[in-house]
1. Restricting to region 196-245, name every residue that is closer than 30 Å to residue 141 by Cα and aromatic (Phe, Trp, Tyr).
2. On the given criteria, is residue 116 at pLDDT 70 or above, farther than 30 Å from residue 206 by Cα, small (Gly, Ala, Ser) and part of a helix (DSSP H, G or I)?
3. Scan region 187-198 and give yes if some residue there is charged (D, E, K, R), part of a helix (DSSP H, G or I) and touching a Phe, Trp or Tyr at 6+ places or on another chain (Cβ under 9 Å), otherwise no.
4. Using the structure shown, decide if residue 165 is in contact with a Phe, Trp or Tyr (Cβ under 8 Å, 6 or more places away or on another chain), within 19 Å of residue 13 (Cβ to Cβ), of a type in the set (A, V, I, L, M) and assigned to a helix (DSSP H, G or I).
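The values are calculated or read from the model by the stated rules, or taken from the named source; none is laboratory data. Because the structure is predicted, anything quoted here is derived from the model rather than measured. No Cβ is skipped: glycine too gets one built from the backbone with ideal geometry, and neighbour counts run over all protein chains shown.
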Amino acid sequence: MLQVSRRTGFSGPTLVRLLSRLTDADAPVPGISLADQISQWLGWADAIALSAALNGNPPAAAAGVRAAGTEESDCARVRQALTTAIAEDTASASRRRGPARPSALPEPVNAQVDYAVYRQRYVTLQQTMETAIATLRGRLRIALSGRAPGMAKLAMVDTVMERVLAAREQSLLGTVPAKLEAHFQRLRQAEAAALADAQAAGQSAPTSPGAWLGVFRKDMQSVLLAELEIRFQPIEGLLAALRDS
């Protein structure tokens, strides 16, 4: 069976722990608090906008309160749709590839598989998550603004924070496909080496040719779901505020 290094032993977001295991790298140890880190990301214009949101008077919101539980079901629907999209992408990739071709030679096994295809699929799913979550976040802010002045101010602050942190989030999450490419190549090379060793020793193959790709697809799905979890954290915060309002 194909084996890869799986680092463990530290805590942190699921996405960070997954990438650390898959890339065989140590997770960086935070040197400063989250609040201090965010303050370093804020430019002077961002700080002014955030201060205005915290200290200003929120605009009057149109009257009307949605039925209780509407926001809950809306969030659940969007999250389920994104989870399904990730699962269906993996399933469709498996169907497109079809069964592995029997072969005793390790070198040509899946030689035609190009990581660029998986990179594009990952980026496309990232864009799908970003669009759906941004739209949902806007709807939740509108719902908050119609509750009470304090909730309206929170909606203003979230608007500023989304704008301020969007570029940083996109930059950090944009590195994930490149990190997965290293895992993709390592899995392919590990299987080729195992098959070559078995052939040289006159032994049966330790794994079915092409099995590495199934392992990679499952790992990519896990990383996408972990990224969805991180992207959904602002939604969970707004939803909690709506429950308390």
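1. Once the filter is applied, which keeps residues that are closer than 30 Å to residue 141 by Cα and aromatic (Phe, Trp, Tyr), region 196-245 yields only 232.
2. Criteria not met by residue 116.
3. Scanning region 187-198 turns up at least one residue that is charged (D, E, K, R), part of a helix (DSSP H, G or I) and touching a Phe, Trp or Tyr at 6+ places or on another chain (Cβ under 9 Å).
4. Criteria met by residue 165.
Every residue, every condition in (1) free of Cβ contacts under 8 Å to residues at least 12 places away in the same chain; (2) within 20 Å of the chain's Cα centre (by Cα), yes or no:
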{"residue": "146", "(1), (2)": "no, no"}
{"residue": "158", "(1), (2)": "no, no"}
{"residue": "168", "(1), (2)": "no, yes"}
{"residue": "179", "(1), (2)": "no, yes"}
{"residue": "203", "(1), (2)": "yes, no"}
{"residue": "216", "(1), (2)": "no, yes"}
{"residue": "219", "(1), (2)": "no, yes"}
{"residue": "227", "(1), (2)": "no, yes"}
{"residue": "238", "(1), (2)": "no, yes"}
